[in-house]
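Before any comments, here is the structure.
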Amino acid sequence: MTANIKILTTGGTIASTGDDGGASPTTRGEELIASVPGLDTYADVTVDEIARISSFDMDWETIVRIGDAALAAADEVDGVVVTHGTDTMEESAYATDLTFDGDVPIVFTGAQRRPDETSPDGPSNLLTAVRAAADERLHGIGAAYVAFDEQLHSARDVTKTHTASLGTFDSPGKGPLAITTRNGLRVYRSPESYSVDLPHTVPTHSVRMVKSGTGVSKAPIREAIESGTDGIVLEGTGLGNATASLGDAVATAVSDGVPVVVTSRCHAGSTTAVYGGAGGGETLRHDGAIFADDLPAHKARLKLTLALETTTDIEKLRPYFGSYPPDPT
């Protein structure tokens, strides 16, 4: 039986054309569908436009609308595909994975080349996404994914690794969940959600990202506290370390009740509290910082922002950043 797939369009490169003022989304969803030969052999598709924006300007309101539209369609379709710009696709997919309360798969896809460029990759990526969303092994889970360059990735793990390469998306240290072949979807590991459940809402809290590096002072954290931020994500070095100045500022932030989540600027591997000294990971842990396992800073920010909608208590926030797959108590 042919699957029913809802396609939600938001703009991005897959829908953009260029002019003297720069590229911008101009292509409607029906045109995207028409550009994919043989799509109807895999699914019956319907299209709704959610937005027509570049993803570097994506906002929480649009992410919530994506989730609302997916949930509204869930009783009538087998899967949902979201066309999206690649700049922040992984963030929208991860936020959806954290908040979606339905059973159908939500597969994000897009393009690195516009429809008006030579050899656009949008049609192939859209076909990959539809084939994945139609696969019965993804049904009944309610997880979000990214389908790109004939690969399927978990929303939690995937990241954009290259500014222009057609194979830009990767899951460092883990690899894709599956690939598409001429014979169907070849699954390598369980296509499930690797995320905790958090509120589906436009957040009312703000989280500031701070990056450590050689000689970075405490000023970024001090300024974040003074601005009234509700949380801080510290992108540390290595296993999750920072300069001594930043370490002192982390201790101050936590004592003031501002949660600090520690990530690493490394592309793969988990943060681990090992080193002493004012900015060492063990000192940060002792002072109350929360370690984000292997989440990159931009995804830790999304998770902390949403988690703050459930509690502002640092100890109650800590389990949300625990083991992988997560199991908060």
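The values are calculated or read from the model by the stated rules, or taken from the named source; none is laboratory data. These figures come from a predicted structure and were not determined experimentally. Note that we place each Cβ from the backbone using ideal geometry, even for glycine, and neighbour counts take in every protein chain shown. Remember, those area values only see protein heavy atoms, side chains included, never the ligands or the DNA or RNA. Shrake-Rupley method; radii C 1.70, N 1.55, O 1.52, S 1.80 Å.
Report the Cα centroid-to-centroid distance between region 113-154 and region 264-291 in angstrom, as an integer.
36 Å
Please compute the Kirkwood hydrodynamic radius of region 96-223 from all pairs of different C-alpha atoms, in Å with one decimal. It would help to have the intermediate numbers written out before the result.
On the way: mean 1/r = 0.0604 Å⁻¹.
So the Kirkwood estimate lands at 16.6 Å.
What percentages make up the Cα-Cα pair-distance distribution of the chain when the bins are 20 Å wide from 0?
In order of increasing distance, the bins hold 33, 53, 14, 0 percent.
Per residue of region 177-185, what does 6.51 cos²θ - 1.76 cosθ + 1.60 with θ = phi - 60° give for ³J(HN,Hα)? Whole Hz please, x for Gly and Pro, Karplus curve as stated.
So the J values, rounded to whole Hz, are 6, 7, 10, 9, 10, 5, 9, x, 8.
Run the numbers on region 202-295 and let me know its relative contact order in percent, using alpha-carbon pairs under 8 Å that are six or more apart.
Numbers: 206 pairs, mean separation 25.8, N = 94.
Reported as a whole number, the value is 27 percent.
Report the Stokes-Einstein translational diffusion coefficient (µm² s⁻¹, integer) for region 157-253, Rh taken as the Kirkwood radius over Cα pairs, at 37 °C with viscosity 0.692 mPa s. Can you show the working numbers first?
Numbers: Rh = 17.1 Å.
Once the numbers are plugged in, D ends up at 192 µm²/s.
Positive end of the dipole of the chain, charges at C-beta (+1 Lys, Arg; -1 Asp, Glu), about the Cα centre: which of Asn241, Val80, Gly277 has its Cα farthest in that direction?
Positive-end residue among those listed: Gly277.
Quick check: with the 1.4 Å probe, what order do His267, His205 take by accessible area, largest first? Intermediate values should be presented prior to the final figure.
Working: His267 165, His205 50 Å².
If we order His267, His205 from most to least accessible, we get His267, His205.
Taking the chain as a Gaussian network, where each spring joins two C-alpha atoms under 10 Å apart, which residue of Pro37, Pro319, Pro203 fluctuates the most?
Top of the fluctuation ranking is Pro37.
Order 279-286, 54-61, 222-229 from most to least packed using the mean count of other Cβ atoms within 10 Å. Walk me through the numbers on the way to the answer.
On the way: 279-286: 20.6, 54-61: 15.5, 222-229: 13.8.
With the highest mean Cβ count within 10 Å placed first, the list reads 279-286, 54-61, 222-229.
Rounded to a whole number of µm²/s, how large is the Stokes-Einstein D of region 1-108 at 10 °C and 1.306 mPa s, given Rh as the Kirkwood radius over C-alpha pairs? Walk me through the numbers on the way to the answer.
Numbers: Rh = 14.2 Å.
Calculated translational D: 112 µm²/s.
Which is farthest toward the positive dipole end of the chain among Ala70, Ser171, Ile106, measuring Cα position about the Cα centre, with Cβ charges +1 (Lys, Arg) and -1 (Asp, Glu)?
Of the candidates, Ser171 comes out farthest on the positive side.
How large is log10 of I(q)/I(0) for region 52-171 at q = 0.09, 0.10, 0.19 Å⁻¹ when the intensity is taken from the Debye formula with one equal scatterer per alpha-carbon?
Each listed q maps to, in turn, -0.21, -0.26, -0.97.
Per residue, what volume in Å³ does the Cα convex hull of region 253-329 take up?
Working: hull volume 7.2 nm³, N = 77.
Residue-normalised Cα hull volume stands at 93 Å³.
May I ask you to give the percent of accessible area on the chain that is carbon plus sulfur, with a probe radius of 1.4 Å?
Numbers: 6360 of 13930 Å².
Exposed carbon and sulfur together represent 46 percent of the surface.
Hey, what did the chain get for relative contact order, percent, Cα under 8 Å, at least 6 apart? Provide the component values of the computation, followed by the final result.
On the way: 791 pairs, mean separation 42.7, N = 329.
13 percent.
When the dipole is taken about the Cα centre of the chain, and only Lys, Arg (+1) and Asp, Glu (-1) are charged at their Cβ, what size is it in debye, to the nearest 20? Intermediate results must be reported in sequence, preceding the final value.
Details: 25 positive and 46 negative charges, 198 e Å.
Dipole of the chain, to the nearest 20 debye: 940 debye.
Taking only DSSP H segments of four or more residues, each worth -39500 (n - 2.57), what value at 222 nm results for the chain once the sum is divided by all its residues, to the nearest 500 deg cm²/dmol? Display every interim value, and only then the final one.
Values: 9 runs with 85 residues, N = 329.
When only DSSP H runs of four or more count, the value is -7500 deg cm²/dmol.
Counting only pairs 8 or more residues apart or on different chains, how many lysine pairs in the chain have their Cα atoms under 28 Å apart?
Step by step, the pairs that qualify in the chain add up to 18.
Suppose we keep just the DSSP beta bridges with both residues in the chain; what percent of those would be antiparallel, to 5?
Numbers: 15 of 47 bridges.
Here the share of antiparallel DSSP bridges comes out near 30 percent.
Please compute the per residue accessible area over the chain with all protein chains in place, 1.4 Å probe, rounded to a whole number of Å². Intermediate results must be reported in sequence, preceding the final value.
Details: 13930 Å² over 329 residues.
For the chain, the per-residue accessible area is 42 Å².
Any number yet on Rg/Rh for region 47-88, C-alpha, Kirkwood? Walk me through the numbers before you get to the answer.
Working: Rg = 10.8 Å, Rh = 11.1 Å.
Over the Cα atoms of region 47-88, Rg/Rh equals 0.98.
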